[in-house]
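The values are calculated or read from the model by the stated rules, or taken from the named source; none is laboratory data. Just so we're clear, the structure is a prediction, and the values are computed from it rather than from any experiment. No Cβ is skipped: glycine too gets one built from the backbone with ideal geometry, and neighbour counts run over all protein chains shown. These area figures cover heavy atoms from the full protein model, side chains too; ligands, DNA and RNA do not enter into them. Shrake-Rupley method; radii C 1.70, N 1.55, O 1.52, S 1.80 Å.
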Amino acid sequence: MTNLKGVWTPILTPQNSHYSIDKTRYFTHLRWLLNHGVDGIVIFGTNGEATSFSVSERMELLDWVKEEKIPSEKIMVGTGCSALTDTVTLGQHAVSSGYYHHLMLPPFYYKSQSQSVLVRYFSEFIQQIGDDRLKIFLYDSPQLSGMHFDVNIELEFMVKFPNQIVGYKDSSVILENTINIQNYG
């Protein structure tokens, strides 16, 4: 489950004139991507404008993905929110629907939190989800989140959560950090 290979792409989340998610355009695009060589889809990453949608809208879209019978091994769900309770709600919904790959931003509203806060946040999330199939891919985007996963926290996560925190999406533009993490991973 953790050996994701190939091209995984974020998908845009089109809206209709009333600002709700346009289901028809969404699935037309999703199927087009999968039919043209994309190996997996990232739902509600930055390009999918996750933070522009409510928790209930995000859960509804994931329900639609399941109804459309998109295989769970082809989906990664963006579940990171500022509020831990929202993150847990999205995470529990995704896991209960059979979607175990999660792309997670750190809690991003209060900037410059300590690394220990990040460890506690992810620890609590993992504990509340309580499912060994959960696989978290950390989303390092400090220019948007105001927080950064440095190599020291990566090492701590590798020790504390070797089966749950399994990957890293680097949007930090800090090449040295990426190389250091790759060397330890």
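Only residues that are farther than 17 Å from residue 28 by Cα and either under 14 Å from the mean Cα position of the chain (by Cα) or hydrophobic (A, V, I, L, M, F, W, C) (or both) were counted in segment 51-61, giving 5.
Screening residue 72 against (1) under 26 Å from residue 21 (Cβ atoms); (2) in contact with a strand residue (DSSP E or B) (Cβ under 6 Å, 6 or more places away or on another chain) leaves a single unmet condition, (2). Considering only residues in segment 20-50 that are within 13 Å of the chain's Cα centre (by Cα) and over 12 Å from residue 9 (Cα atoms), the one that is surrounded by the fewest Cβ atoms within 10 Å (Cβ to Cβ) turns out to be 49. Selection of segment 32-52 for residues being among the aromatic types (Phe, Trp, Tyr) and in contact with a strand residue (DSSP E or B) (Cβ under 7 Å, 6 or more places away or on another chain) yields only 44.
Tell me which residues, restricted to segment 166-175, are in contact (Cβ under 8 Å) with a residue 40 or more places away in the chain and assigned to a strand (DSSP E or B).
Of the residues in segment 166-175, the ones in contact (Cβ under 8 Å) with a residue 40 or more places away in the chain are 166-167, 169, 171.
If the condition is that a residue be in contact (Cβ under 8 Å) with a residue 40 or more places away in the chain and assigned to a strand (DSSP E or B), then 166, 167, 169 are the ones that fit.
Restricted to helices (runs of 4 or more DSSP H) entirely inside segment 54-165, those with at least 2 residues that are open to solvent by 20 Å² or more (accessible area, probe 1.4 Å) and touching a Ser or Thr at 6+ places or on another chain (Cβ under 6 Å) are 55-67. Please go through segment 97-117 and pick out each residue that is over 16 Å from the mean Cα position of the chain (by Cα) and either of a type outside the set (A, V, I, L, M, F, W, C) or at pLDDT 95 or above (or both). The answer is 109, 110, 111, 112, 113, 114, 115, 116. Scan segment 148-155 and give yes if some residue there is under 17 Å from the mean Cα position of the chain (by Cα) and modelled with pLDDT of 85 or more, otherwise no. No, segment 148-155 has no match at all.
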